[in-house]
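Read through the structure below, which is laid out as structure tokens, and then see the notes.
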Amino acid sequence: MFQKLPLAGAVVALGLSIAVGPSTAGEKAAGDGTAEITRITAGEVVVGARRHGHVPESRLAAARFRSSGFDLARVRARELPVPRIYLDAFPRDLARLRSVKARKRLFIQTVLPLILSANEEVAIDRRFLLELRDRRRGGGAMSPAERRRVALLAEAYETEGDDLAALLRRVDIVPPSLALAQAAEESGWGTSRFAQQGKAVFGQRTWRRGRGMVPLRRESGKRHEVVTFNRLRASVVAYVRNLNSHPAYRAFRRVRGAARDRGASLSVADLVATMTRYSERGPDYIRTILAIIRVNRFAAFDRVRLAPKSSVGI
């Protein structure tokens, strides 16, 4: 798990207060109190928050998803788009839900819109680069504004100058099925201490002291921490940027780029096979991620889309 510093996330819709609660793998944290629910329409904060007494946060989140028409079965069947509802944090009582099905449903409803939103932003930059590449092949020149935008992208994705081919290898989406499976595995389906307290969905590490949370079972002599975030969306954006820029995932980008060059669909199985450096478990980790995708039918989410931005998600 290789660290990249988080980027500033966009305003998120429907926020729960910072989550601290029970978790898996011995990483437990105590929690208390009520949730503050902030209603946001089309990505903009609506002033005013309501206190809901001691109503479980999972019930409040589920109610918001239901009221928006977020039906996973119909989303999988591509009968409905994914509503633009974004949670700041996982419900604090997620691990206490007796129904595994309900817990997984809430997890997917929480994380899927965030993944699609992060991919949407990457896709906008990718379209810009593709159009610019095609124009340059025809002899066209870049405007000063375009040069500035390319320079910013090159800095963000750690490429040299205005090498559009190198940028296009990096500025590309991460299949939602892969991202969902890794999020489920790394966060204990949203119940781990890191996910609950630190809003860390993907277990990204840092070796800068004080920049994250110290694992309770960290081996003697180890210095790593798990990067924390101020909201879930920032964690998802950092994960996508990490796969798109870190040297450890060069093979991931090479396989994805080769598929693009052939005009072929992305093979998630081939992409997962390149992720041996994401976890110390190596091949066992690969098998786990593939099993999560298969058992939970995550492949269907590679074909879904977010609802139009003009829609009201609450």
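Some points to look at:
- Matching residues in region 270-299 - criterion: being under 30 Å from E79 (Cβ atoms), among the aliphatic types (A, V, I, L, M) and either under 17 Å from the mean Cα position of the chain (by Cα) or at pLDDT below 95 (or both): L271, V272, I289, I292, I293, A299
- Residue in region 261-284 that is farthest from L112 (Cα to Cα), counting only those that are outside any loop (DSSP other than H, G, I, E, B) and touching a helix residue (DSSP H, G or I) at 6+ places or on another chain (Cβ under 8 Å): D270
- Number of positions in region 154-194 that are of a type in the set (S, T, N, Q) and surrounded by fewer than 22 Cβ atoms within 10 Å (Cβ to Cβ): 1
- The condition (being touching a strand residue (DSSP E or B) at 6+ places or on another chain (Cβ under 7 Å), over 20 Å from R303 (Cα atoms) and not small (G, A, S)) is satisfied by just one residue among L60, L116, L132: L60.
- On inspection, E131 passes the criterion of being in a helix (DSSP H, G or I), farther than 14 Å from W189 by Cβ and among the charged types (D, E, K, R).
- Residues that are more than 19 Å from the chain's Cα centre (by Cα), at pLDDT below 95 and part of a loop (DSSP other than H, G, I, E, B) do not occur anywhere in region 186-196.
- Cross-chain or 6+ apart pairs with Cβ under 7 Å, region 74-102 first and on the phi > 0 side of the Ramachandran plot, then surrounded by 13 or more Cβ atoms within 10 Å (Cβ to Cβ) and in a loop (DSSP other than H, G, I, E, B): R78/V304
The values are calculated or read from the model by the stated rules, or taken from the named source; none is laboratory data. Keep in mind the model is a prediction, meaning the values are calculated, not measured. All Cβ positions, glycine included, derive from the backbone under ideal geometry; neighbour counts span all protein chains shown.
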